[in-house]
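The structure appears below as structure tokens.
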Amino acid sequence: MDYMNNLFVFGKTVSGDAFTDREKDTAKLVANFQYGVNTFLLSPRRWGKTSLVKKAKSIAENSKLKIVYVDVHLCRSREEFCERFASAVLTQTSNKMEEWMENAKMFLNRFSFGVNASADPTNELTLKMQILPQEQSMEDLLQLPERIAKRKKISVVVCIDEFQQIGSFPNSAQFQTELRSVWQHHELTSYCLFGSKKHMMEAFFDDSSKPFYKFGDIIYLQRIPVEYWVKYITDKFHHEGKSITAKQATWIVDQVEGNSSYVQQLSWYVFQRTTKSVNNDILAEALTELVEQCVDVFEARTESLTAYQMNLMRCIADGNHTGLSSAKNISKYNLGSSSNVVIIKKSLLEKDLISVEKKDVFLSDPVMGIWLKRQ
Ligand SMILES: Nc1ncnc2c1ncn2[C@@H]1O[C@H](COP(=O)(O)OP(=O)(O)O)[C@@H](O)[C@H]1O
Ligand SMILES: [Mg+2]
């Protein structure tokens, strides 16, 4: 419903006027695309990875460099992954439907497939496998970008969004090894692999035994600095004839710990309530609306937590980012013992409910912290 709202945009990738900062990241990614450097891009959810990749794509793409975007969020197996991968590569490296059909016939003749294509030739087609591809065919699918690049005499970058998903496939470790062994020989194709769930992404490359160890450049996306947000927010208010002070804009950013999506969403709730200028009541009401919007999701995400896990969540929500297992915290929040804290921390990390930044522990979702404190 927010498609009419081009003022503060959330819930979809942002571009143009709604995109702020990220100049250095954009330049780095564009250069990696242009020079064929493989990239891992990591950040917590909703900080702006997808938007950044799409922006870099729009800058770097030209007739000699095709940039394919594929989201594997919904894939549950290597077959589904390869199918999506191949279908995205086929459609996005060609300008015309005839061309991708031709490529499909040329490179995918080992198995039969059906095509669901809409009338609009620019839409992504969906390949429907008629038979389960054999190992050989699976490799053919993975070789597709390189073969097309050779044939068309172009370079290709394949950007794979929510890449952490492959960590939960059956036989994932073996699949990762296969991916790496095929991709590392590609000369005209490079890869940008990105996703949230840092601990899962890092598991692909964090030591020399891992398939993607030293596969490429690693970018840890940072928060957009508060001064960019303040300018962004105050400019948008002023443009619409309303006023907000730098201090109030900073308050918005602080409440949500600079989470890009929540900054935009909270700003929107503040904006909606403001006739002329922002005041404290408006800020407080807007924050309550934001929390209320999230309650159902938070309840669902925490309902299966143990009492100990909830206690540690509350401890972090109260602003404790280090020394969680201090004697004071253990007794105040009833955390059992320091070895218990280690176990709880690990399980919350695996659930992606908390994240570690430079040794400090944060709730992955800052609004969940506000909700916990209000309970
Ligand atoms: N560069 C940016 N400038 C302003 N807002 C942004 C920016 N990047 C992300 N956002 C906000 O964050 C939300 C999530 O962005 P998205 O790119 O989908 O993040 P991710 O892929 O990391 O989950 C967007 O809907 C928007 O509200
Ligand atoms: Mg994304």
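The values are calculated or read from the model by the stated rules, or taken from the named source; none is laboratory data. Source: prediction; values computed, not measured. Cβ: placed from backbone, ideal geometry, glycine included. Neighbour counts: every protein chain shown. Accessible surface areas use protein heavy atoms only, side chains included; no ligands, DNA or RNA. Shrake-Rupley method; radii C 1.70, N 1.55, O 1.52, S 1.80 Å.
A few comments on the model shown:
- Put the Cα centre of segment 18-45 next to the Cα centre of segment 183-222 and the gap is 14 Å.
- 5 Å binning of all Cα-Cα separations within segment 274-327, expressed as whole percents from 0 upward: 4, 15, 15, 17, 16, 13, 11, 6, 3, 1
- Residue-span extension gain [E139 to H321] - 0.36 nm each, minus C-alpha spacing: 61.0 nm
- Extension gain, I343 back to S15 (0.36 nm per residue minus Cα-Cα distance, nm): 114.0 nm
- With K and R counted +1 and D and E -1, the other residues having a Cβ less than 15 Å from that of K358 yield a net charge of -1.
- Percent of beta bridges antiparallel (DSSP, the chain, rounded to nearest 5): 30 percent
- Normalised contact order of segment 145-275, rounded percent, pairs of Cα under 8 Å and 6 or more residues apart: 19 percent
- Separation in nanometres of the label points that stand 7 Å from Cα toward Cβ, at S331 and T250: 3.7 nm
- Net charge of Cβ neighbours under 15 Å - reference S209; Lys, Arg +1; Asp, Glu -1: 0
- Nonlocal amide H pairs with S243, under 5 Å, H built at 1.01 Å: S277, V278
- Electrostatic bookkeeping for Y333 treats Lys and Arg as +1 and Asp and Glu as -1; over the other residues with beta carbon under 14 Å from its beta carbon, the sum is +4.
- The alpha carbon gyration tensor of segment 304-374 gives principal lengths a ≥ b ≥ c with a/c below 1.5, which makes the shape rounded.
- Residues of segment 22-220: accessible area per residue with a 1.4 Å probe, Å²: 46 Å²
- Near S190, the amide H atoms lying under 5 Å from its own belong to V156, V157, V158; only residues 5 or more places off or on other chains count, and H is placed 1.01 Å from N.
- Mean separation of Cα contacts under 8 Å (6+ apart) over length of the chain, as relative contact order %: 17 percent
- Calculated FRET value between R180 and E102, using beta carbons and R₀ = 35 Å, to 0.05: 0.75
- With one equal scatterer per alpha carbon and no solvent term, the Debye-computed log10 I(q)/I(0) for the chain at 0.06, 0.09, 0.12 1/Å reads -0.28, -0.62, -1.02.
- Alpha-carbon radius of gyration plus Dmax, which is the widest Cα pair, for segment 14-54 in Å: 10.6, 29
- Segment 160-315 - Debye-derived log10 I(q)/I(0), Cα point model, q = 0.08, 0.12, 0.14 Å⁻¹: -0.41, -0.77, -0.89
- Here is what passes the span test in the chain: the DSSP H helices with alpha carbon length of 24 Å or more along the helix axis and a Kyte-Doolittle mean of -0.5 or above are 280-302.
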